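Working notes, beginning with the structure itself.
The values are calculated or read from the model by the stated rules, or taken from the named source; none is laboratory data. For clarity, every value in this text was computed on a predicted model and none was experimentally measured. Positions of Cβ are backbone-derived with ideal geometry, glycine not excepted, and every protein chain shown enters the neighbour counts.
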Amino acid sequence: MIRPYLTLYLVETMTILNNDFLAATLANQDKMAPFQFEFPSGTGFVEGTGILRLEPKQDASISLVLSVGVHGNETGPIELVNQLVMSILDGRISLSVRLLVLIGNPVAANKATRFCEVNLNRLFSGAWKNYDGFEAKRAQRLEKAISDFYSQAKEGATQTRLHYDLHTAIRGSMHEKFVVYPFVENAIYNQQQLAFLAASGIDAVLLSHQSTTTFSYYSYATHGAHAFTVELGKVQPFGENDLSNFAALEDSLSLLLENGVLAQASMSEMRIFTVLDSLVKDDDSYKLGIEADVKNFTQFEQGYRLAYSEKSEYLVQQTGDAIVFPNTNLPIGQRAGLMVRPVALGDLKLN
Ligand SMILES: [Zn+2]
């Protein structure tokens, strides 16, 4: 009489309740025991807290990483990707690519905060070794999840490696949705990826000027992935996001998941910026000469005194130069903003 009961018990625990991976992750922020399960178009592997790998039944030539919640309070993309996962698990989307979903910082998400101790998105490419605590361990675990995922692709098949790290910004933006393109040595940018981003509703592209310790740079530099930090608008609490704002991205991700196809659109409306300088907070007296609610990509006149402290000042070099990610509420030595300059699409080298 015991065995049927036991079997039923095991089957019940080896699923994601209601196919709601987000709820399961938030309810188990410290530990999720690994398990495997079947869904209509493949096999799923919960590999740990917030780490879900979905392998399609059919052979796949694309290995796609979707990471969300690397900043815990950036809930919109978490809800978007959770809905896509639900659609896959309940059979509304038939999966044709390999997929790794990462909910980056569930502990911070439960606290509705950007991070607990250290900004997780500064800890990759081994930078976690310089820190202690939860976020350092998490960065190490997330790197391992990506390494394992890309190396588990079937031998022989050529794999396109993709990683879209989805965020929302602290502040409003003159270009609501934009991506950070990781620094590439040869300054040659991928046309297919840019056209995919255009089709996904991305308004602007920021070309990085140096290597960093962000998650997307890690996947690009260590694994040769096409990888982007994708900013999708302003932070809202769970349940207060209007997911229709992400409709274009949802459509293009659905197409990618279901058909392995990268939607393509004209890049003519997309604005391109290169990064000129990092503004670095060099003293407790460091201030930015802007209103607290200034939008990302706000442009300035040449000579404007944009940042100053008892040790330094920064004057705008050329009219039209703009600021992105201004933030002085951080430790000395960290980035208080990026200075960027528009460039013409025609001036980019594409392949
Ligand atoms: Zn973020």
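Of all the residues that make up the stretch 240-252, how many are surrounded by 19 or more Cβ atoms within 10 Å (Cβ to Cβ) and either at pLDDT below 95 or under 14 Å from Ala265 (Cβ atoms) (or both)? Before you say what the answer is, go through the steps one by one.
Initial filter on the stretch 240-252 (surrounded by 19 or more Cβ atoms within 10 Å (Cβ to Cβ)): 241, 245-246, 249-250, 252.
Still in the list and also either at pLDDT below 95 or under 14 Å from Ala265 (Cβ atoms) (or both): 241, 245-246, 249, 252.
Selection size over the stretch 240-252: 5.
Count, please, the residues in the stretch 85-126 that happen to be within 16 Å of the ligand (Cβ to nearest atom), hydrophobic (A, V, I, L, M, F, W, C) and surrounded by fewer than 18 Cβ atoms within 10 Å (Cβ to Cβ).
Total meeting the criteria: 2.
Any idea which residue in the stretch 13-34 is surrounded by the most Cβ atoms within 10 Å (Cβ to Cβ), counting only those that are touching a Phe, Trp or Tyr at 6+ places or on another chain (Cβ under 8 Å) and without any contact (Cβ under 8 Å) to a residue 60 or more places away in the chain?
Ranking the qualifying residues of the stretch 13-34, first place goes to Thr15.
Take the residues of the stretch 65-82 that are aliphatic (A, V, I, L, M) and crowded, with 23+ Cβ neighbours inside 10 Å: which is farthest from the ligand (Cβ to nearest atom)? Walk me through how you get there before you give the answer.
To start, the set of residues in the stretch 65-82 that are aliphatic (A, V, I, L, M) comprises 65-66, 68, 70, 78, 80-81.
Within this subset, residues satisfying the condition of being crowded, with 23+ Cβ neighbours inside 10 Å are 65-66, 68, 70, 78, 81.
Values: Val65: 16, Leu66: 14, Val68: 10, Val70: 6, Ile78: 11, Val81: 14 Å.
Across the stretch 65-82, the extreme among qualifying residues is Val65.
Among the numbered criteria (1) surrounded by fewer than 17 Cβ atoms within 10 Å (Cβ to Cβ); (2) within 16 Å of the ligand (Cβ to nearest atom), which single criterion is violated by Gln152?
(2)
Among the residues of the stretch 161-180, count how many are of a type in the set (Val, Ile, Thr) and in contact with a Gly (Cβ under 9 Å, 6 or more places away or on another chain).
Counting residues in the stretch 161-180 that are of a type in the set (Val, Ile, Thr) and in contact with a Gly (Cβ under 9 Å, 6 or more places away or on another chain) gives 1.
Can you work out which of the residues in the stretch 160-194 that are away from the ligand (no atom under 12 Å from the Cβ) and of a type in the set (A, V, I, L, M) is surrounded by the most Cβ atoms within 10 Å (Cβ to Cβ)? So that I can check it myself, show each step before the final result.
Going through the stretch 160-194, the residues away from the ligand (no atom under 12 Å from the Cβ) turn out to be 160-164, 172-179, 181-194.
Restricting the remaining residues to those that are of a type in the set (A, V, I, L, M) gives 162, 174, 179, 184, 187-188, 194.
On the way: Leu162: 22, Met174: 16, Val179: 25, Val184: 15, Ala187: 10, Ile188: 11, Leu194: 23.
Only one residue fits best here, namely Val179.
Which condition does Ser41 not pass, out of (1) at pLDDT 95 or above; (2) closer than 28 Å to Tyr217 by Cα, if it passes all the others?
(2)
What residue, of Lys129, Lys137, is farther than 20 Å from His223 by Cβ and surrounded by fewer than 18 Cβ atoms within 10 Å (Cβ to Cβ)? Let's see the steps before the verdict.
Values: Lys129 fails: farther than 20 Å from His223 by Cβ.
Unique residue meeting the criteria: Lys137.
Within the stretch 184-191, does at least one residue satisfy the condition of being under 24 Å from Ala145 (Cα atoms) and of a type in the set (D, E, K, R)? Full working, then the answer.
Step one: filter the stretch 184-191 for residues under 24 Å from Ala145 (Cα atoms), giving 184.
This time we only want the ones that are of a type in the set (D, E, K, R), so: none.
Looking for residues that are under 24 Å from Ala145 (Cα atoms) and of a type in the set (D, E, K, R), one finds none in the stretch 184-191, hence no.
Let me spell it out: the conditions are (1) buried (at least 19 other Cβ atoms within 10 Å of the Cβ); (2) outside the structural domain of Ala153 (by TED's automatic domain parsing); (3) assigned to a loop (DSSP other than H, G, I, E, B), and Glu269 meets all of them except one. Which number is the exception?
That leaves (1) as the condition not met.
Would a scan of the stretch 279-287 turn up a residue that is under 19 Å from the mean Cα position of the chain (by Cα), surrounded by 18 or more Cβ atoms within 10 Å (Cβ to Cβ) and either part of a strand (DSSP E or B) or assigned by TED's automatic domain parsing to the domain that holds Gly201 (or both)? Full working, then the answer.
Taking the stretch 279-287 and keeping what is under 19 Å from the mean Cα position of the chain (by Cα), we get none.
Within the stretch 279-287, none of the residues are under 19 Å from the mean Cα position of the chain (by Cα), surrounded by 18 or more Cβ atoms within 10 Å (Cβ to Cβ) and either part of a strand (DSSP E or B) or assigned by TED's automatic domain parsing to the domain that holds Gly201 (or both).
Within the stretch 221-237, is even one residue in contact with a Pro (Cβ under 9 Å, 6 or more places away or on another chain) and modelled with pLDDT under 95?
Looking for residues that are in contact with a Pro (Cβ under 9 Å, 6 or more places away or on another chain) and modelled with pLDDT under 95, one finds at least one in the stretch 221-237, hence yes.
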